[in-house]
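Below you'll find the structure, written out as structure tokens, and then a few comments.
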Amino acid sequence: MSETYLVNKLRDGSVLDHLRAGTALRALGALNLPPERTISVGIYLKSGRLERKDIIKIDSHQLTEEDAAKIALISPHATLSLIRNFKVVNKIELHPPLRFRGLIRCPNHACITRAESVRGSWLVMEREPVSVKCEYCDRTVPSDLFRFG
Amino acid sequence: MVSVSDFAGRDVITVNEFRRDEIVFLLDAAAQFEQVTGTLLAGRVIATLFFEPSTRTRLSFESAVGRLGGSCVGFAEAGVSSQAKGESLADTVRVVEGYSDLLLLRHPLEGAARLAAEVAQIPVVNCGDGAHQHPTQTFVDLYTMQRECGRIDGLHVVFAGDLRYGRAVHSLVSVLTLFNARITLVSPQFLRLPEEQRRTLETLGVEYREMESLEASLPEADVLYMTRVQRERFTDPTEYDKFKDAYTLDMSVLQNARDSLAILHPLPRVQEIAREVDVHPHAAYFRQAHYGVAVRKALMALILGHADKVLA
Ligand SMILES: [Zn+2]
């Protein structure tokens, strides 16, 4: 049932599955994608008896580690499968790290990272949903306020 | 056991990176440094990079350096600094660290001191980074309580005024949780302690209460920490006008307090403490400013590795 929306199986590409229901569009916005790729997005698909999930399928493009790290922040427990020649060559479950650099911009306009060319440094405070703390200004940021890039 | 070696070469960026026993050690050291003058820091150069003016903090540090025979280089506001020519903070730090043994940094942006400490090979002391932290102010506040009340443990401390934007209040409240203090927060609704801070108090199981009446808060208090409502923190001037006179401590309000109540204020004050209170034997705010020199002497001597010559 859940996958009837899918146009066809990917020959080469990337599948983000088990995204927390309702996060697919934010996840899509965070990814670094080349132009003119076929992308299928499923939102609020049935997954099991009571659960719902989102799915993103990207044709002819392999997502990077940086993309995976961003998705782990938006939707912990999502899976990333890389597909080559109809075969899953790598499948990983995504988890936020304890600490990371870069990826998101501090929303605090008075933070030094907004003025100097320095990458942000983040401590993960809560894991589901994710919230992080800027190690420069100590501002806590919930995942719905993440600005990637 | 804490020893002088725990402080040698150390950066001082936030109060939260100090354990209780380290703070106690520093305050003990400050007591021993109170009367010390001489040549302990002879030949040492301290850089004061003040990207925004803070005359009181800068003079206190410069006095401490001078009392110990060291010297200062630096600037007192961004207009005369390299920043006015567009130089980055990181580059300024890299240049000035070659001229000095210790960097004292005041900057309008939050996290500036942490960035400076990452860049610099020499120790950095945060002298205020925007609304974020001003750790030596907190140490001075604690030292004042120790000096005026003979202890910090178990004190009942009332904070009054702007608890929302008051950086000194946020730091002091969070450190007092290490000392089993009882905390009373007095402010108008609009200027309440931020939710994140209140939640931290609750998580730590710290006994605290919130009130709007200064008079009603005083009968059981050991310390009153008054703050100024800071115009520069408000984007809307009519909001500032509404709250700037929220509390005024005068002799009639003090009728509600114990005679031994110690009155602290990070200064400068505007109208929140009436001039008549200045002669109160426990009006400690000018002494509080003076204690700052002792605390900063001890801290700098510890960081630069010279304190063992004084400490028993
Ligand atoms: Zn920040």
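The table for this structure:
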quantity	calculated
Filter pass, A:Asp67 being over 30 Å from B:Arg233 (Cα atoms), acidic (Asp, Glu), touching a helix residue (DSSP H, G or I) at 6+ places or on another chain (Cβ under 8 Å) and crowded, with 16+ Cβ neighbours inside 10 Å	yes
Residue that is farthest from B:His107 (Cα to Cα) [pool: residues in segment A:96-124 that are more than 14 Å from the ligand (Cβ to nearest atom) and either within 12 Å of another protein chain (Cβ to nearest Cβ) or touching a Lys or Arg at 6+ places or on another chain (Cβ under 8 Å) (or both)]	A:Pro96
A:Ile43, sole failed condition from (1) closer than 29 Å to A:Asp138 by Cβ; (2) more than 16 Å from the ligand (Cβ to nearest atom)	(1)
Strands (runs of 3 or more DSSP E) (entirely within segment B:17-114) containing at least 2 residues that are within 14 Å of chain A (Cβ to nearest Cβ), closer than 21 Å to B:Ala131 by Cβ and open to solvent by less than 50 Å² (accessible area, probe 1.4 Å)	B:102-107
Test: residue in segment B:170-180 that is touching a helix residue (DSSP H, G or I) at 6+ places or on another chain (Cβ under 6 Å), surrounded by fewer than 24 Cβ atoms within 10 Å (Cβ to Cβ) and outside any helix (DSSP H, G or I)	no
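The values are calculated or read from the model by the stated rules, or taken from the named source; none is laboratory data. This one's a predicted model, so the numbers in the text were calculated from it and none came from an experiment. Please note: Cβ atoms are built from the backbone with ideal geometry, for glycine as well, and neighbour counts cover all protein chains shown. Accessible surface areas use protein heavy atoms only, side chains included; no ligands, DNA or RNA. Shrake-Rupley method; radii C 1.70, N 1.55, O 1.52, S 1.80 Å.
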